[in-house]
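The next block holds one structure in the form of structure tokens; read it before the comments.
The values are calculated or read from the model by the stated rules, or taken from the named source; none is laboratory data. Keep in mind it's a predicted model, so treat the numbers as computed, not measured. A quick note on method: Cβ atoms are made from the backbone with ideal geometry, for glycine too, and the neighbour counts reach across all protein chains shown.
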Amino acid sequence: MSLRAVFTSGLLYVGLATAQQTYAKNQVAVVNDDEEAVKNFPSIEDVKLESPAFTDPKSIPAGFKNGTSGPTDDATLEYFLQSLASRNDWLTYKNPAFKSDEGRSIPYVYLTTSTQPQIKANASSTEKLRVYLQGGVHGNEPGGDQALLALLGKFDANSTWTASILEKMDIMILPRYNPDGVAYFQRVLATGYDPNRDHIRFASQQTRDVKALITDFHPHIAVDAHEFGATRPFGDNKQWHQAVDGQFDAMKNLNIHKDIREYSESVFAPQIAGAMEKRKLRWSPYIVGSAAEPLVFTQLDTQARAGDVSLALTQAMVFLTETRGIMLGGQNFQRRVVSGLTMIEAIVQTAADNAEEVYEVIEGARRKVIEGDEDIVISDSYTPENRTWDMIEVETGKLVKPSRGLRLPQAWKEAADRLRLVGVKVDQLRSEFKGEVEALNVTSITLGASVYHGTVLNTVTTETKRKEITMPAGSYWVSARQAAAAHAKLMENTPSTARKRSSVRRANHVPRVHVQAYPVYIKSLEDRVAELELALQGHGLDTESLAGNRVSQDTVEATPEPRQSTDLNLLSLFIPEPSDIQDQGTSGYHALLGAITVPERTKFPPKSTTLQLAATYFEHSNFFSPILYQESFHEIITVLYQDLPNIDQGKSVQKFQLCMVLAIAIRLLNRIDSAVPTTASDPFFASAIGILTERPQATWKGNLQHLQNLLLIVQYTIFASNLSAAWHFIGLATRLAIDLDLLNETRLSSGNSEEVILDAETNKRRRVFWSTYILETNLCVILNRPRSIPDEAVFTPLPSTSGPESCSPLANHCIQFRQLEYEIYHTLNYKPPANGAFFDYKVWKVGMKDRLVEWHATVPPVDTRSKLAPQNFFDGALYMTLVSLFSPSRHFPDLSEPELRDLARYASTTIELYREGFKEGKLRFYWRTTPNLFQSGAALVHCIKSLTLQRSVFDVDALKRSVSVCSTVLWGMAERYSPGTVYRDRFDELSASMSDVATDLSFEISDDFPFGQFSIPPLDLNGTAGIWTSTPPTLDPWIFDPT
């Protein structure tokens, strides 16, 4: 062909290819796995994904299912990144000046614990590894960017792990390289260029901009996260789809120094493969190839036009990760993202574990390239090898290995014909086969003494060996994937096991003279199992039922039945039956009670650890709810640990309280460090409940200790975010407190100026009563429910702050706040006195503000280092309560301009305090703080609208900035507390409505403008997570992932 003809053909091809594309919306058709095939891709249940598509499924666009959009739009992604940055000092959000072809932002984040982080490598004085991660290069491969977002979510949720990683490296993550492609859910840029094939020409300005960013960072290690075609057909009859979950490879261009190439293959590749296998995910090297048979796959492209190869040529260790996903729409997405996360996480972890060695290998290779004079390799080629490959058989949906079967030499035509006579399909290889097989080696042959139907019978002994063979094109191939495959096995009379067998009678259907290795080969041990199953089925034996029965029997013999608290005795009487309550749905406090698994023996920590956990518990409880007295509890620890091996033989109440304190302390630590696994609290809580149910007479005595036990359960359920259980147990506690007459102490404190030091029992009664009061008030206010004990009925003074069983001054100050808080809640939401007496709400409102300010001004000294009893609690309590007091309500529907200005100031201050607390990890009860923050934000939106309508002069930009901050923090809270999404979404609607006022001053605020708990549906108490089971509650946002 002439040179002119070559150029003409090339231009014609380009023209045809271009004609197939339109501007945007170049989406591939969705081809889902069928119902049977999907069974091969179950979700990985023990991995919690902390990316937007999984923490907030409602954010997923409807088009994701049908392959017209991705799962996370740009706005959601930016909220996610900004919220991470707002609460983590080690993460910096960056939005560069350059944009995509259509002007979309291309944000990235920088992770470091260095004191003076520098994104440009040449400005860094540290010798830490630099790691660059990117996803979303192709816009229709959402598994890539979602895996990176899940990695960021794990960094956010597990601070201990994050610190260990960032101690060794700085990380730059660009989760969405191609936002235009993502917007149109197409592979290419808006201009039509493939962003992963534009690294020699640099035809796109976007490619140039991103390349400059990466070059400035100059990473040692990089990962490019993609997806591959899940349902692209292979085989002449389009009979196979790829079945591996993930593919990966390090760049292999021969101009990458061999030290880097060899290290990536010898150290990193086994770790990535092992991580995939640990989660039972199938993996392979990354491959491309034609669909026609024989299937010939090649590993990744080594041309420098590819972005990952181009980056690797700077002497970096660059990995490509690919997950099975293109053409699936939203199908199997959880497993796809777990696969991508697993590979990326393994690369990051391996780099951290070998940081110094990796740094030296790569920096050393760079020095060698600079100082050396090695030839530059222009082109390369591959050395072929044969191997099996996991595939899905399209017709059946089953997982298969297409190479499974028997191979016979070409000279055995007669044997092949015999097999065809009985219905066995025998094919001939169209190309040479070379690879490892299992051969059956004949070790001895003994001829029979007589003739049987014209044939001499013989006895053969064989053994199996694995060997490399070469069989030319034209050799015979018998697939094991056919109904008559057992005939091939039986007719050829090969041994039926992998062990040596003797006395196997066989006829001479296959020549053996002067042959040591029997030339019928079985590919892999797994193939042998398949052959045996087919052989047994040929004899009428059901192998599946045999295997199933045996497994079942072994399981019954080997696994003892766990003890279940089926007979709950007195405890079951405390909990109403579902048929007795108004909502007969699944109850978070009843249905799960019978499923609790009590461990046979509780494994208590060492005494030093127990004392540390106890200190954590009392740091919080001495402030917020002093149920127990710290010195008395230390005596319990001393008694129980005197005989540690027999600690389970201790007194029931003592063991119960120890278990509960340990369980609560672990959840408290989780609130300030999410790396602490909440699952560690489950055995202690289950053991505590087991004590209550097994010995009810010893623990449910109707005395003060009984009340303390109930309050400990309330504490735990609050930390487990199971408000249903908390509500019902606090109900039991308040009724017992009334029965014990704790609210009506007859001996009042004297009128002396100095506080009277009371006896221990009186102080204990007071402290336990006011702990009940605090816990009930807290729940009632947030759940919009009346309190069972009115303030008018309480004649019990606050506990003494000195002497035995006393209370801290901070705890008493907290009690006073709960009294003020409930008075505000009760007055604003309930009817005026029924006796017709006049109640001056305006005077009360002014007086209440003064009382709150006075309360705040008299706060006792606080340990500023404490995260469990933080100083900003009092600041936040003041301003949040002022927001509640001054917001429009039943008795104050209209606010004056001064009141609006005051309310705006209180709301802005509250939002800022919540932002600081969230960023510093000081917020613990998201079921409470989320609606509080929403109420402040809603109040601020109301003020902006009202002041605008009144044509008042005010700093609208400053208030709108506070609205934006509120939105960002609500997004962050919703990521950790999934029921908070309803507050977040409603607030976004409210904040968007501010534009209505700006464009149309005739806009009027509705009379029923929502505030606080009235702005959303009531919390679904009966749908809450089960704290009674051994698995962590689903409402708890920090489930530790140890893998």
inquiry  = Among the numbered criteria (1) in contact (Cβ under 8 Å) with a residue 40 or more places away in the chain; (2) within 22 Å of CYS814 (Cα to Cα); (3) surrounded by fewer than 23 Cβ atoms within 10 Å (Cβ to Cβ), which one does TYR914 miss?
reply    = (3)
ask   = Of the numbered conditions (1) outside any helix (DSSP H, G or I); (2) more than 20 Å from ILE362 (Cα to Cα); (3) touching an Asp or Glu at 6+ places or on another chain (Cβ under 9 Å), GLN303 satisfies every one except a single condition; which is it?
value = (3)
request  = Please work out if THR76 is hydroxyl-bearing (Ser, Thr, Tyr), at pLDDT below 95, within 24 Å of THR215 (Cα to Cα) and touching a helix residue (DSSP H, G or I) at 6+ places or on another chain (Cβ under 8 Å).
outcome  = no
inquiry  = Going through VAL768, VAL714 one at a time, which residue ends up being at pLDDT 90 or above and over 18 Å from GLU805 (Cβ atoms)?
reply    = VAL714
Region 271-300, subset small (Gly, Ala, Ser) and touching an Asp or Glu at 6+ places or on another chain (Cβ under 9 Å), residue nearest to ASP249 (Cα to Cα) = SER284
key: Residue in region 132-178 that is nearest to ASP101 (Cα to Cα), counting only those that are of a type in the set (Phe, Trp, Tyr) and in a helix (DSSP H, G or I)   = PHE155
request  = Can you confirm whether region 400-418 contains a residue that is modelled with pLDDT of 85 or more and either assigned by TED's automatic domain parsing to the domain that holds GLY246 or loosely packed, with under 15 Cβ neighbours inside 10 Å (or both)?
outcome  = no
inquiry  = Tally up the residues in region 917-954 that are within 25 Å of the chain's Cα centre (by Cα) and of a type outside the set (A, V, I, L, M), please.
reply    = 14
remark   = Checked ASP198, ASP194, ASP170 against criteria (buried (at least 23 other Cβ atoms within 10 Å of the Cβ) and not assigned by TED's automatic domain parsing to the domain that holds PHE918); the one match is ASP170
message = Restricting to region 820-845, count the residues that are loosely packed, with under 12 Cβ neighbours inside 10 Å and modelled with pLDDT of 85 or more.
response = 3
key: Filter result for VAL309 (farther than 22 Å from ARG232 by Cα, assigned to a strand (DSSP E or B) and not small (Gly, Ala, Ser))   = no
message = If I ask for residues that are among the basic types (Lys, Arg) and at pLDDT 90 or above, which ones from region 79-123 would you list?
response = ARG87, LYS94, LYS99, ARG104
message = I'm checking my understanding of the structure. Among residues of region 335-370 that are under 14 Å from GLU227 (Cβ atoms) and not basic (Lys, Arg), which one is surrounded by the fewest Cβ atoms within 10 Å (Cβ to Cβ)?
response = ILE344
query = Looking only at helices (runs of 4 or more DSSP H) that fall completely inside region 905-995, which ones have 2 or more residues that are on the phi < 0 side of the Ramachandran plot and of a type in the set (Asp, Glu)?
reply = 956-976, 981-992
inquiry  = Yes or no: region 153-167 includes at least one residue that is at pLDDT 90 or above, in the same structural domain as THR72 (by TED's automatic domain parsing), buried (at least 24 other Cβ atoms within 10 Å of the Cβ) and among the acidic types (Asp, Glu).
reply    = no
remark   = Checked against (1) surrounded by 21 or more Cβ atoms within 10 Å (Cβ to Cβ); (2) under 17 Å from ASP308 (Cβ atoms), HIS218 satisfies every condition except (1)
query = Condition test on LEU254, is it modelled with pLDDT under 95 and surrounded by fewer than 18 Cβ atoms within 10 Å (Cβ to Cβ)?
reply = yes
task = Return a yes/no flag: does region 40-47 have any residue that is without any contact (Cβ under 8 Å) to a residue 40 or more places away in the chain and part of a loop (DSSP other than H, G, I, E, B).
result = yes
query = If we scan region 292-301, do we find a residue that is buried (at least 21 other Cβ atoms within 10 Å of the Cβ) and at pLDDT below 95?
reply = yes
